[in-house]
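Take a look at the structure below.
The values are calculated or read from the model by the stated rules, or taken from the named source; none is laboratory data. Because the structure is predicted, anything quoted here is derived from the model rather than measured. Glycine gets a Cβ as well: all are built from the backbone with ideal geometry, and neighbour counts include every protein chain shown.
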Amino acid sequence: MVQLSESLESFAALEVGVASSTYDAPATLSEFVSSRNIGFPVLSDEGGGLAKALGILNEQYEPGHPAHGVPHPGILFVDENGQILAKFAVEGHRQRPPLEDVLDGVRKLVN
């Protein structure tokens, strides 16, 4: 999220907005966003409803497990109608897709 925040100008140059979601509770999320000076909307998807709807819920964690609701990490490019135009994802939860790859993909879609 921090790396994404640092690249906001690159997305703005493409006239693309940035938002994020996480399975964290709103209070935890608010503290993180404030302490890291995140410059875009970050939504709480506690319980994983959005992750389920987008088909990115990590089903490794059963209901009741502390990590239940965690999505597979990645970045989605969604148009103004809510249609997913591209998914940028990697395996595992400690890495994110290289941001330059995401920007290159978005450039191809908006040009």
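At-a-glance table
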read-out: First in region 51-64 and surrounded by fewer than 14 Cβ atoms within 10 Å (Cβ to Cβ), second anywhere and in a loop (DSSP other than H, G, I, E, B) and of a type in the set (Val, Ile, Thr), Cβ under 9 Å, 6 or more apart; value: 60/70
read-out: Residue within region 59-69 that is modelled with pLDDT of 85 or more and among the aliphatic types (A, V, I, L, M) present; value: no
read-out: Region 8-37: number of residues that are touching a strand residue (DSSP E or B) at 6+ places or on another chain (Cβ under 6 Å) and either touching a residue at least 60 places away in the same chain (Cβ under 8 Å) or aliphatic (A, V, I, L, M) (or both); value: 2
read-out: Residue, surrounded by the fewest Cβ atoms within 10 Å (Cβ to Cβ), within region 71-98, restricted to residues that are under 11 Å from the mean Cα position of the chain (by Cα) and assigned to a loop (DSSP other than H, G, I, E, B); value: 97
read-out: Failed criterion for residue 68 (all others in (1) more than 28 Å from residue 107 (Cβ to Cβ); (2) part of a strand (DSSP E or B); (3) not β-branched (Val, Ile, Thr) hold); value: (2)
read-out: Filter result for residue 101 (in a helix (DSSP H, G or I), in contact with a strand residue (DSSP E or B) (Cβ under 7 Å, 6 or more places away or on another chain) and of a type in the set (Asp, Glu)); value: yes
read-out: Selection status of residue 39, part of a loop (DSSP other than H, G, I, E, B) and surrounded by 11 or more Cβ atoms within 10 Å (Cβ to Cβ); value: yes
read-out: Count of residues meeting criterion [at pLDDT below 85 and touching a Phe, Trp or Tyr at 6+ places or on another chain (Cβ under 9 Å)] in region 85-111; value: 5
